[in-house]
Amino acid sequence: MDFQQHGYRATKPRARASPPIGGPLLFDDTSSGPPPMNNQNYYSSGYDMADASAGGQDPGAGSLFADPVASAAMMYGSSLANQGKDIVNKEINRFMSVNKLKYFFAVDTKYVMKKLLLLMFPYTHQDWEVRYHRDTPLIPRHDVNAPDLYIPTMAFITYILLAGVALGIQKRFSPEVLGLCASTALVWILIEVLVMLLSLYLLTVHTDLSTFDLVAYSGYKYVGMIFTVLCGLLFGTDGYFVALAWSSCALMFFIVRSLKMKILSSFSADSMGVRASAKPQIRMYITLVSAVFQPIIIYWLTAHLVR
């Protein structure tokens, strides 16, 4: 019968190829027949028990017994690390809240530009109230009236660099003088914040101002100091005093309007009674003194850089 005419194709049985001679075999060829039998009519396996017992303990068994110990040690170490992390965070939060610190650095480029314009031209600004969302103040990049620490920090660094340039132009630059300039500016900020906190405590003025808020408002003066030093370097003594007058007036106006919403508008329950009429006056005095004190610090920290 012709199979090709009906669609069938004749096939030939495939011949099994013998393994090549001369090279080591990776696996035993068990397809040609059953494994060899031993003297007790049992099939012998490829694993030699005598060799295993002579070679010692199986390394897989050793790793099997070692894995529980290693895992327990890793769990104990991770628990100790977590406990240490919790202790460190607890000690840090006793003096400084990391979450609050992140709030003061939540800024963007748009906020920085608006804030710098507000610091130099605050007279046309109308709404000075800090906005809240569910009793929580909005982050600075969503509210231009919110205090931040990014601008004071960057302004402080820029002031130190600009002071180095001014000292270099006057042939008075040295690392000691630059370090003294930086430490003096930092000490003045600390003194101002401590005096403000002590005044609020001794006069029993209850307000929602935090230490970070006071540092932020005190650090905004570095923006005016940079502007004053630049004008002094470019236009001499006359330009320095004109810039000093402008930046001082703008900063005082900014401080009064900003602290007014924080200090004057915050009345507590214990302000009722005989001393209730004196409370607004005391708060007004604190606001005015903190504002008037800013030009004195600006002049003290910048006059020696312009000659």
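The values are calculated or read from the model by the stated rules, or taken from the named source; none is laboratory data. Bear in mind that the values here come from a model prediction, so they are computed numbers and not experimental data. Heads up, the Cβs are rebuilt from the backbone with ideal geometry, glycines too, and the neighbour counts pull from every protein chain shown. The accessibility values were calculated without ligands, DNA or RNA, using every heavy atom of the protein model including side chains. Shrake-Rupley method; radii C 1.70, N 1.55, O 1.52, S 1.80 Å.
Some points to look at:
- In angstrom, the C-alpha Rg and Dmax of region 92-193 are 17.2, 56.
- Here the calculated FRET efficiency for Leu180 and Tyr285, from their Cβ-Cβ distance with R0 = 41 Å, stands at 0.80, rounded to the nearest 0.05.
- Listed residue pairs exceeding 25 Å between alpha carbons, taken from Lys171/Lys221; Lys85/Lys262; Lys110/Lys221: Lys171/Lys221; Lys85/Lys262
- Calculated FRET value between Leu202 and Tyr299, using beta carbons and R₀ = 22 Å, to 0.05: 0.20
- Judged by the mean number of other Cβ atoms found within 10 Å, the most tightly packed of the peptides 174-181, 150-157 leads the ranking 150-157, 174-181.
- Projected label points at Ile87 and Phe253, each 7 Å from Cα along the beta carbon direction, are separated by 5.5 nanometres.
- Annotation: per residue accessible area for region 124-261 equals 52 Å², rounded to a whole number [probe 1.4 Å, protein chains only].
- Of the peptides 114-126, 71-83, the ranking by mean beta-carbon count within 10 Å, highest at the top, reads 114-126, 71-83.
- By accessible area, using a 1.4 Å probe on protein heavy atoms only, region 115-257 has 71% of its surface on carbon and sulfur.
- Gained length - Asp108 relative to Lys260, 0.36 nm times residue gap less alpha-carbon distance: 52.1 nm
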